Structures are given as structure tokens and as C-alpha cells.
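The values are calculated or read from the model by the stated rules, or taken from the named source; none is laboratory data. These numbers were taken from a predicted model, which means no experiment stands behind them. Please note: Cβ atoms are built from the backbone with ideal geometry, for glycine as well, and neighbour counts cover all protein chains shown.
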Amino acid sequence: MKRERIIAEVETVGDARKVEETVKTGYAEALIETIVNWIGVEEDLASSYEHLASKQGHAQAKGVFQQLAKESNENVDTLSELKESLEKLDKARVARIDQLSQMK
């Protein structure tokens, strides 16, 4: 199944640069910022769950909170790897924009 084009055919260097810049600001930077915020939420959740676990007298509840804290910390690791990958893509995007800028 063929998908429909998302952008119009790029006809000029200026058009190409404009699309590259839009991808950088509209996708790459936005995704990185979202991931950074999500990492912060997961870190806060892990801390909160650890605090809740320390206050529990019931072993089962303590175990649940410890497991949730562990999962949030694992999410931080996964999201951090994703952020690094997106930053590599963003850096490559900058190089593409620079190449196109030199062609003018």
C-alpha cells in the first residue's frame, strides 16, 4: 500500500532547507523536549514511590511501591537512550541544513 506524500515535492535548495529546518524545530526539538519532561516525571515518580515504600508497614504495599519505583527508574534509562538517539538525529539535521546553506 502506497502512502500519500506528507510534503510537496522539493524543487529548490531553498525549499529543501525550509523542510529540513521545519523537521528540526517541529519534530526533533519538540520530541527531545517532550522526552526530557517525561524523564523528569519518571524521576519524580520513582522518588515518590520510594518515599511511599519507606512509609509502609504492610510488606505487600511496600513491595508494590518498590516495584513501581524500579519500573520508573527503568523508564528513565529507556527514555534517556531514546533522547540520545534523537539528539544524534538532530545533530545530523543541523549538518544537512549547513550543507544546504553552503549551496546558495
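Worth pointing out:
- Cross-chain or 6+ apart pairs with Cβ under 6 Å, segment 39-60 first and closer than 16 Å to S72 by Cα, then polar (S, T, N, Q): E42/S72; E42/N75; L45/S72; A46/S72; A46/N73; A53/Q66
- Verdict on D90 being among the charged types (D, E, K, R), within 16 Å of the chain's Cα centre (by Cα) and either modelled with pLDDT of 95 or more or in a helix (DSSP H, G or I) (or both): yes
- In segment 56-70, the residues that are surrounded by 13 or more Cβ atoms within 10 Å (Cβ to Cβ) and assigned to a helix (DSSP H, G or I): A61, K62, V64, F65, Q66, L68, A69, K70
- Scoring A53 on the criteria (1) over 12 Å from the mean Cα position of the chain (by Cα); (2) exposed (fewer than 12 other Cβ atoms within 10 Å of the Cβ) leaves a single failure, condition (2).
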